[in-house]
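See below for the structure under consideration.
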Amino acid sequence: MTEQKDYRYLLTAHNDHIFNTTGTRPQFFIRTYGCQMNSRDSEKMSALLMQLGYTPATHQDNANFILFNTCCVRESAEDKVFGHISRLKPVKAENPNLMIGVCGCMTQQSIIAQKIEKKLPYINLVFGTSNRHRLPEFLWRAIQTGAPVIDITEDDTLPEIKDIAVTTRDFPHKAGVNIMYGCDNFCAYCIVPYVRGRERSRPMADVLQEIETLAADGVKEVMLLGQNVNAYGKGLRDESATFPELLRNVNEINGIERIRFMTSHPKDFSESLIAAVKDLPKVCKAIHLPLQSGSTRVLADMNRMYSQDEYIALAKRLQTAMPKIALSTDIIVGYPGETEADFEATLKVVRQVGFSGAFTFMYSKRSGTPAAERTDTIPPKVVSERFDRLTAELYPILKAYNQAKIGETIDVMVEEPTKGRGADNTLVHFTSEKNLSPGNMIHVRVTEAKTFYVIGEVVK
Ligand code: SAH
Ligand code: SF4
Ligand code: F3S
């Protein structure tokens, strides 16, 4: 710990020197890929850099330090990052003082860290997900030695999770809050357990304290983050620390108006969690419940631990308890071995459940996962044809969900001058109103429905 403080001191001194000689503070720019976990990590690393004397750049071109916080959940995500960092080669040649870093899920894979070291020698630092708090040290070492710093050491085994106090946020009115890290589910296609380490819950008192601090700073909406939030509490000394209990405690915090969470795994969505979502007024009646596939056989291959019937039954229980609940989902098409009948089983669930939102993905092979070993892969042409059939089935369902709102007046939390979200996460467009700022709550009467949003007028 003291070591970390020393690096902060050294870097602050270094930056003060730059400030004294050039009159400007060094600027940083973080480019974030992937999910909310990464967005939150970027906020934390921004806070660290600001403690060191850096200021945020409004554009990448103005930055003295560019950091790529990467995702590797699908191959396309990795290709995008390599495209972006390769484009910096001539920029770096012209401006050798520019520092470039790459971190996050993608670089946590040693094969990628090695590839960057060999093929992109102009990158100054490469680190992973579990040592992101050591950014000041890595930056200092890279500045001092002029040589690349490559370090993806994992320190998951520590009893305490090193968390970084956050002082920066991408939005004034809402924030993600990590309640757990890592994942132990090992879905056969997924790389996350390999790049985010083992599942670890944060002590409840720490989570609550962070949310209280956020609320005092004007945050009205929190998104509780974890790869499998309903497993929250496992391994904590305090046995009463469960996810429903956490929701009850967050619901008590003054200033917080909306509570969301992401992601819950269908395999352990308990009755007590359904009751908590139903009974707690601040918990949004909107649940992201990834289906992945509707075929019981494919689900078993994927190691998802639920069947088609169990998924449908869970959706019914939620819809019976809360008739207006919004269920959104993730679906993968073209998993190895997926037959036409398996794919139709997915369509069947889509028709039966009536989702309010969905992310659809073509299966992407991730080296190191069990699914990558399979030889019964589906030809790309079949995958894209199924993908199109899935969206053709899905989009009218999403639109119907929005159309049912026409004529209703809904509570909208303002995000931008002409946009906001309903409690069920519906994106709402409205005509610009004066004096609205992010976090304001307004009433909007819905007049028109599209597939991905609704349009309405502000009701006084
Ligand atoms: N923990 C979350 C998901 C995190 S990854 C959960 O269990 O639901 C987000 C989504 O990416 C997954 O739900 C899945 O639909 C998709 N995904 C993950 N690995 C993938 C792969 N190899 N190919 C295609 N999609 C994938
Ligand atoms: Fe990946 Fe499955 Fe963990 Fe989600 S639950 S992060 S899909 S292994
Ligand atoms: Fe991507 Fe890592 Fe999130 S792989 S989806 S950024 S946990």
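Taken together, the values in this text are just the output of simple stated rules run on the coordinates, not laboratory data. The model shown is predicted, which means the values in this text are computed figures rather than measured ones. Methodologically, a virtual Cβ is constructed for each residue, glycine included, from the backbone with ideal geometry; neighbour enumeration extends over all protein chains shown.
Here are some notes:
- Separation of the alpha carbons by more than 25 angstrom is noted, of Lys44/Lys80; Lys92/Lys118; Lys285/Lys316; Lys365/Lys419, for Lys365/Lys419.
- Look at the dipole of segment 270-315 built from charges on Cβ: of Met302, Ile312, Ile274, the Cα furthest out on the positive end belongs to Ile274.
- Each stretch of four or more DSSP H residues adds -39500 (n - 2.57); spread over every residue of the chain, this sum gives -11500 deg cm²/dmol at 222 nm.
- Bridge type composition, the chain - antiparallel percent by DSSP, nearest 5: 30
- Here's how it looks for Ala358: its modeled amide H is under 5 Å from those of Thr329, which are all 5 or more places away or on a different chain.
- Peptides 379-386, 333-340 ordered by packing proxy, namely the average of other Cβ atoms within 10 Å per residue, highest first: 333-340, 379-386.
- Under-5 Å amide H pairs with Gly128, H placed in peptide plane, nonlocal only: Gly104
- For Val177, the residues whose modelled amide H falls within less than 5 Å of its own, excluding neighbours fewer than 5 places apart on the same chain, are Met223, Leu224, Leu225.
- The dipole here belongs to the chain: it is taken about the Cα centre, uses +1 on the Cβ of Lys and Arg and -1 on the Cβ of Asp and Glu, and is about 700 debye.
- Its residue count N fixes a reference of 2.2 N^0.38 Å for the chain, and the Cα radius of gyration divided by that reference is 1.02.
- Estimated from the Cβ-Cβ distance and a Förster radius of 25 angstrom, the FRET efficiency linking Thr213 and Glu416 is about 0.50.
- Farthest towards the positive end of the charge dipole of the chain, among the residues Gly197, Ser110, Ile66, is the Cα of Ile66, using unit charges on the Cβ of Lys, Arg, Asp and Glu.
- The string of couplings for segment 386-399 from the Karplus curve (6.51, -1.76, 1.60, θ = phi - 60°) is 5, 4, 5, 5, 5, 5, 4, 7, 6, 4, x, 5, 5, 5 Hz, one whole number per residue in order, with x for Gly and Pro.
- Residue-by-residue Karplus 3J(HN,Hα) for segment 232-245, coefficients 6.51, -1.76, 1.60, Hz, glycine and proline x: 3, x, 4, x, 7, 5, 7, 6, 7, 7, 10, 5, x, 5
- Rounded to the nearest 20, the size of the Cβ-charge dipole of segment 355-460 about its Cα centre is 180 debye, with Lys and Arg at +1 and Asp and Glu at -1.
- Estimated dipole of segment 28-136 in Debye, rounded to 20 [Cβ of Lys and Arg +1, of Asp and Glu -1, Cα centre]: 160
- Karplus-derived HN-Hα couplings along segment 109-115 (A = 6.51, B = -1.76, C = 1.60, θ = phi - 60°), whole Hz, x at Gly and Pro: 7, 4, 5, 6, 4, 5, 4
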